[in-house]
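Asks: Okay, handing you the structure first.
Each reported figure results from applying straightforward, stated rules to the coordinates on display, with no laboratory input. Nothing here was measured: the structure is a model prediction, and the numbers come from that model. Positions of Cβ are backbone-derived with ideal geometry, glycine not excepted, and every protein chain shown enters the neighbour counts.
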Amino acid sequence: MTQPRALEVRGLSAGYGKIRVLWEVSLHAEAGEFLSIIGANGAGKTTLLRTISGLIPARGGVVAAFGASLSGLSAAKIVRRGVGHVPEGRQLFALMSVRENLDSGADYLSVSPAQANETRGFVHRLFPRLAERERQLAGTLSGGERQMLAIGRALMGRPRLLLVDEPSLGLSPALTGVVFGALAEINRSGVTVVLVEQNVRQSLKLADRAYVMENGEIKKEGSGAALLGDPEVQAAYLSM
């Protein structure tokens, strides 16, 4: 029996007020795949993730996860369908501790104490620094630590599909490597990862498949390796 795709997007349109940002976008991610979406600032990548996760209402098209339609569902219902979202800018609870931020990801989805402990252990293995700073307020963490915490909080809901938006933004090369290494490990654990990222080279190295977005539309699709070697992609995104 064929396993349903982790994500299926067909003809998706969305925008803000009178401004249309997405123009009938279609893409998919197979279960267990690492999918990267690249493109210049303003291409519509963040809007795409926000529409998939229900933070922005779609104006047309279909979104499904693991064979079940997400179209028209609220963000709260979509996250309960196993879709986690690590937003651009992290958006943590600054006056709550690291442990409280992590636990909020499990509490919201009524994850059992045993499952929460298991997942917290996985998060601590990915990011030992979070274990060291459990009692520290999230607002006092470094940028890299906040990004680790944002990913960890999303994992506490035990998603099967994880949308990650610009995780390397503002990070040093060393911390960028830590975050990308963690995303690869999350994917190896069985979670389908959809990554939007300005670090095109690293993003494509991680990707099983990738899409190139321009002006709210999909312009190219291929394996990560194929797009990394594509002359047009190299000229547009890798020449600097």
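Asks: Quick one: dipole size for the range 1-128, taken about the Cα centre, charges +1 on Lys/Arg Cβ and -1 on Asp/Glu Cβ, in debye to the nearest 20.
Replies: Computed about the Cα centre, the dipole is about 340 debye.
Asks: Specify the residue with the greatest mean-square fluctuation among Thr140, Thr47, Thr192, computed from a Gaussian network of the chain linking alpha-carbon atoms under 10 Å apart.
Replies: Of Thr140, Thr47, Thr192, the most mobile in the Gaussian network model is Thr140.
Asks: Based on the alpha-carbon gyration tensor of the range 101-143 and its eigenvalue square roots a ≥ b ≥ c, which shape applies: rounded if a/c is under 1.5, prolate if not and a/b is larger than b/c, or oblate?
Replies: Cα axes put the range 101-143 in the oblate bin.
Asks: Just tell me which lysines come within less than 26 Å, Cα to Cα, of Lys219; anything on the same chain fewer than 8 places away is out.
Replies: Within the straight-line cut-off, Lys219 pairs with Lys18, Lys45, Lys205.
Asks: Can I ask one more? By per-residue mean of other Cβ atoms within 10 Å, what is the highest-first order of 172-178, 21-27?
Replies: Descending mean neighbour count gives 21-27, 172-178.
Asks: Considering only DSSP beta bridges with both partners in the chain, what is the antiparallel share in %, to the nearest 5?
Replies: Here the antiparallel bridges make up roughly 55 percent for the chain.
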